[in-house]
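S.K.: Structure in structure tokens, see below.
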Amino acid sequence: EIRAVPNSVQQTVPGWTLFALFWICQTIAMGMIQERKSGAYRRLLVSPLGPSQFVAGKVVPFFILNMIQAAVLFGLGVAVLPLIGLPALELREPLGLALITAVFSFVSIGFGILVAAFSRTNTVAAVMTAMVAVVMAALGGIMVPRFIMPRALQTAALIVPHGWALEGYLDLLVRGARTADILPHACVLALFGLAFFMIAFVRQARRDVVDE
């Protein structure tokens, strides 16, 4: 199958947007570890807050921050990069782009909570998130475009959320896909996010029992 390939702007803007969005997992993980060390997490457990409110307090602010960050980066591709002689980024399906961004943000937040559940120090969390972020970005086609990778690596790119998110972006920006066409990408990303959250909750629940 021959597929349209992106130009430099179509590859770089969505790719590095994903790279930036995923790094929020480090801030989340380190913040949650600090809460445990300071005793704030223990106080939250005995407060009237339910689990859903506690999770919402972690998810909503960082979700909004990621959406703003993505809007700024795509805006640079539309309005600023053409000023320095690069092709303008055409946003043909903004709803689809927002959907991929939203679900990928859910993935990055879930991974941050997952790292926090398994880490005892900020150093461990920082190393783990940095290592995973770089490996996933490289494997997912952000640092090297997927279409020039060997076929085996092109397939391997789809074992990480970055690969699915970038392909969804490129389908919308380059290949004329509509929002409905990238729903499978969004569903796979949602499964990544749910898996991260579920594993994190199980691990944290066991840790809370041990620490009591």
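S.K.: Can you spot a residue in segment 117-124 that is without any contact (Cβ under 8 Å) to a residue 60 or more places away in the chain and of a type in the set (Lys, Arg)?
M.R.: No, the conditions are met nowhere in segment 117-124.
Let's see how each residue does on (1) touching a helix residue (DSSP H, G or I) at 6+ places or on another chain (Cβ under 8 Å); (2) buried (at least 17 other Cβ atoms within 10 Å of the Cβ); (3) over 27 Å from residue 35 (Cβ atoms); (4) among the charged types (D, E, K, R):
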residue	(1), (2), (3), (4)
57	no, no, no, no
69	yes, yes, no, no
90	yes, no, yes, yes
93	yes, yes, yes, yes
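Okay, residues lined up against (1) of a type in the set (A, V, I, L, M, F, W, C); (2) at pLDDT below 95; (3) over 30 Å from residue 172 (Cβ atoms):
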site: 38; (1), (2), (3): no, yes, yes
site: 44; (1), (2), (3): yes, yes, yes
site: 47; (1), (2), (3): no, yes, yes
site: 62; (1), (2), (3): yes, yes, no
site: 75; (1), (2), (3): no, no, no
site: 103; (1), (2), (3): yes, no, no
site: 128; (1), (2), (3): yes, yes, yes
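S.K.: Related question: Being under 16 Å from residue 113 (Cα atoms), part of a helix (DSSP H, G or I) and either modelled with pLDDT of 90 or more or among the aliphatic types (A, V, I, L, M) (or both): is that true of residue 82 here?
M.R.: Here the answer is no, as residue 82 does not meet what is asked.
The values are calculated or read from the model by the stated rules, or taken from the named source; none is laboratory data. Computed from a prediction, not measured in an experiment: that's the story for all the values here. As a convention, Cβ positions derive from the backbone with ideal geometry for all residues, glycine included, and neighbour counts pool all protein chains shown.
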